[in-house]
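The values are calculated or read from the model by the stated rules, or taken from the named source; none is laboratory data. This is a predicted model, so every value here is computed, not measured. Cβ sites come from the backbone with ideal geometry, for glycine too, and all protein chains shown count toward neighbours. Heads up: the accessible areas ignore ligands, DNA and RNA and are worked out on the full protein's heavy atoms, side chains in. Shrake-Rupley method; radii C 1.70, N 1.55, O 1.52, S 1.80 Å.
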Amino acid sequence: MKPSSSLSFHLLLLLLLLPQLLVAVDAGGPQKKAPYDDGDQLGKHYYARSCPSFEAIVGSKIAHWHSVDPTLSPGLIRLHFHDCAVRGCDASILLDNPGGERRSPVGGPYWGNVYGRRDGRVSIAQEAEALPEGRESITHLIDFFESLGLDILDLVVLSGAHTVGRATCQSIEYRLYNYTGVPSESDPSINPRYLNYLKRKCRRRSAYVDLDATTPTKFDNAYYRNLNNRMGLLSSDQLLRSDSRTGPLVEALSSQPMVFVHQFARSMKNLADTMVLEGDEGEIRTNCNFVNEY
């Protein structure tokens, strides 16, 4: 089955969501352990006894949501990144507290995953606001990914998630009309035909434009081919192609779709494994939106 098929994309989203959705499966109390857990260690079969059908349940729900609104799919990928890149995959983005991540304007919105991680007790909006927004230099992005224990390959591959999803015209307005602070100047790195398209599309700042101009609803490697053609929507995307440290990887992934799919799985696992909370380092929330009261 092709990686862009509806079923495989639903499975992708299921696996992306599991770290956030499974933390409350055995929510019989903050100290209760899953019947199958191996002490406080993570494991693929952590929920085999307490909730053996959870993958089928979550998968069917995601398939339904995607059929109702396909734009939710890239949003879920974005949500996964936002949660895992701030204090690890601890579901802190779900906490509904003043100054929490879900209140941040960045908003947002797996593979062979292991289960049993704990929920975090801290959610700070300022930490979420420090996440990349699409205007950063490649050096800044490399430093950010290295702070998570990820490398340049992870940076380039995870950026490929922009093969689906949209951005507001407001986020790229400066590239179209005010590049380097000069009125009416456009970013010279944008393909002229693509630039004309974007100017027609973005007559209103509130309008949306696809991150992938060629196959916006398929999870494929077209994102990298677009960068080769100077059709990266965000400036940080296009810089991946022109920077000597990341350009060769963009070139390789643009012509090897299965390599991208394989490495995307590995890089998503790397992201999910950052700053994992186990045992007393976190908790099992009885209400996903609030820390437990002791």
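Can you name the residue in segment 144-167 that is more than 19 Å from residue 227 (Cα to Cα) and either charged (D, E, K, R) or in contact with a Ser or Thr (Cβ under 9 Å, 6 or more places away or on another chain) (or both) and, of all such residues, is most open to solvent (accessible area, probe 1.4 Å)? Full working, then the answer.
Within segment 144-167, the first condition is being more than 19 Å from residue 227 (Cα to Cα), and the residues that meet it are 144-151.
Then keep just the ones that are either charged (D, E, K, R) or in contact with a Ser or Thr (Cβ under 9 Å, 6 or more places away or on another chain) (or both); that gives 146, 148-151.
Working: 146: 109, 148: 22, 149: 68, 150: 7, 151: 80 Å².
Within segment 144-167, the match that is most open to solvent (accessible area, probe 1.4 Å) is 146.
Going by the structure shown, is residue 247 under 22 Å from the mean Cα position of the chain (by Cα) and either at pLDDT 95 or above or open to solvent by less than 10 Å² (accessible area, probe 1.4 Å) (or both)?
When the stated conditions are applied, residue 247 passes them.
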Within segment 177-203, residues being under 29 Å from the mean Cα position of the chain (by Cα) and at positive phi number 1
Quick check on my filter: what residues within segment 194-212 are of a type in the set (D, E, K, R), open to solvent by less than 70 Å² (accessible area, probe 1.4 Å) and part of a helix (DSSP H, G or I)?
199
Quick one: would you say residue 139 is among the polar types (S, T, N, Q), over 30 Å from residue 262 (Cα atoms) and part of a helix (DSSP H, G or I)?
no
Output the residue which, of all residues in segment 228-241 that are touching a Leu at 6+ places or on another chain (Cβ under 9 Å) and part of a helix (DSSP H, G or I), is surrounded by the most Cβ atoms within 10 Å (Cβ to Cβ).
240
Tally up the residues in segment 252-272 that are out of contact with any Pro (no Cβ under 9 Å at 6 or more places or on another chain), of a type outside the set (A, V, I, L, M, F, W, C) and farther than 18 Å from residue 141 by Cβ, please.
6
Can you pull out the residues in segment 170-193 that are assigned to a helix (DSSP H, G or I) and farther than 29 Å from residue 248 by Cα?
170, 177, 181
Going residue by residue through segment 258-275, is there one that turns out to be under 20 Å from residue 134 (Cβ atoms), of a type outside the set (Asp, Glu), part of a loop (DSSP other than H, G, I, E, B) and open to solvent by less than 40 Å² (accessible area, probe 1.4 Å)?
no
Only one of these conditions is not met by residue 279: (1) under 19 Å from residue 149 (Cα atoms); (2) small (Gly, Ala, Ser); (3) out of contact with any Leu (no Cβ under 7 Å at 6 or more places or on another chain). Which number is it?
(1)
